Amino acid sequence: MTRKSITMALAGNPNSGKTTVFNNLTGARQHVGNWPGVTVAKKEGSCTFQGHHVKVVDLPGVYSLTAYSQDEVIARDYVVDARPDVVVDVVDASNLERNLYLAVQLLEMKAGLVIALNMMDVARSRGYVIDVTELSRLLGTPVVPMVAARNQGTKELLETVVGVAGGEIPVGGINLQYGQDIEAEIAKLEKLVDGNFPAGQYPPRWLAVKLLEEDEEIVRKIRQAGVG
Ligand SMILES: Nc1nc2c(ncn2[C@@H]2O[C@H](COP(=O)(O)OP(=O)(O)O)[C@@H](O)[C@H]2O)c(=O)[nH]1
Ligand SMILES: [Mg+2]
């Protein structure tokens, strides 16, 4: 790909190693500000890789992307509003099941997702054998094994991020199926919101599911947009 600027966001559960990955990527090239309108710290940094300028944004650590906490709303809004080229979900390989909950939500949002499968040393020491290729196939998105505490996997992560940003490496998205009755309602709502929502970057199906969940933040945004 030609040289370009790439924006990547780091998402992940608290304690998955996000800050360690962020520091490995950016070194001293980082600064801390605040997310607009709130006192939550926003860390940004950058690095140069294979001639590309990569901006890295550290999102608040969250377990999911509902609207129940300020951190979740910040992370979610950044993914859909700022549209980073790539979202890297730092996943704790020793707590795979719990961590994949967020990964699935990001896949549902059709974020350009790369899984940084961190803490591989901890997973190994507990005797867990993770088939990385199979995990990547199942999720339909790249998975990069890492031991961030020893700066292992950083280069591979950047190679993958550059490949995804350039369109050479495919990323996945998934639609969870909710059964006939709910799917019928989703289809109706999807038609209503599709194209009507000014911030048209939200996937219509995702909006429809959030409306059925009565997600306060999305209901408010839809009302503001004067839809329905
Ligand atoms: N064993 C091991 N520890 C790690 C790894 N990555 C991060 N850590 C440690 O895990 C703890 C939480 O990491 P941190 O980056 O602060 O997580 P955050 O809450 O997601 O930002 C710290 O003590 C790190 O040194 C790893 O790959 N292996
Ligand atoms: Mg942190």
*Roughly what would the spin-label model give for LEU212 and GLU97, points 7 Å off Cα along C-beta, in nm?*
2.5 nm
*Tell me, in nm to one decimal, what length is gained between THR133 and VAL38 on full extension, where the rule is 0.36 nm per residue of separation less the Cα-Cα distance?*
30.2 nm
_Helix 96-108 axis, angle to the chain major axis (alpha carbon atoms, nearest 10°)_ = 50 degrees
*Please report the base-10 log of the normalised intensity I(q)/I(0) for segment 39-90, using a Debye sum with one equal scatterer per alpha carbon and no solvent, at each q in 0.20, 0.32 (1/Å).*
-0.75, -1.40
*Could you provide, to the nearest whole Å², the per residue accessible area of segment 1-116 with probe 1.4 Å?*
41 Å²
*With the full set of protein chains in place, find how many percent of the accessible area of segment 97-142 is carbon and sulfur; take the probe as 1.4 Å.*
55 percent
_For the chain, set up a GNM with springs between Cα atoms under 10 Å and report which of LEU135, LEU189, LEU176 has the largest fluctuation._
LEU176
_Name the residue from ALA9, THR66, VAL79 whose Cα lies farthest towards the positive end of the charge dipole of segment 6-103, charges +1 on Cβ of Lys and Arg and -1 on Cβ of Asp and Glu._
ALA9
*Given +1 on the Cβ of Lys and Arg, -1 on the Cβ of Asp and Glu, and no further charges, what dipole in debye does segment 180-225 carry about its Cα centre, rounded to the nearest 20?*
280 debye
*Quick one: helix 180-193 against the long Cα principal axis of the chain, what's the angle to the nearest 10°, folded into 0 to 90?*
90 degrees
_Keeping every protein chain present and rolling a 1.4 Å probe, give me the accessible area per residue for segment 180-225 in Å²._
62 Å²
*Tell me, what is the FRET efficiency for SER5 and GLN177 to the nearest 0.05, using R0 = 41 angstrom and their Cβ-Cβ distance as r?*
0.65
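The values are calculated or read from the model by the stated rules, or taken from the named source; none is laboratory data. Just so you know, these numbers come straight off a predicted model, no measurement behind them. Positions of Cβ are generated from backbone atoms using ideal geometry, with glycine treated the same way; all protein chains shown enter the neighbour counts. Calculation scope for accessible area: heavy atoms of the full protein, side chains included, ligands and nucleic acids excluded. Shrake-Rupley method; radii C 1.70, N 1.55, O 1.52, S 1.80 Å.
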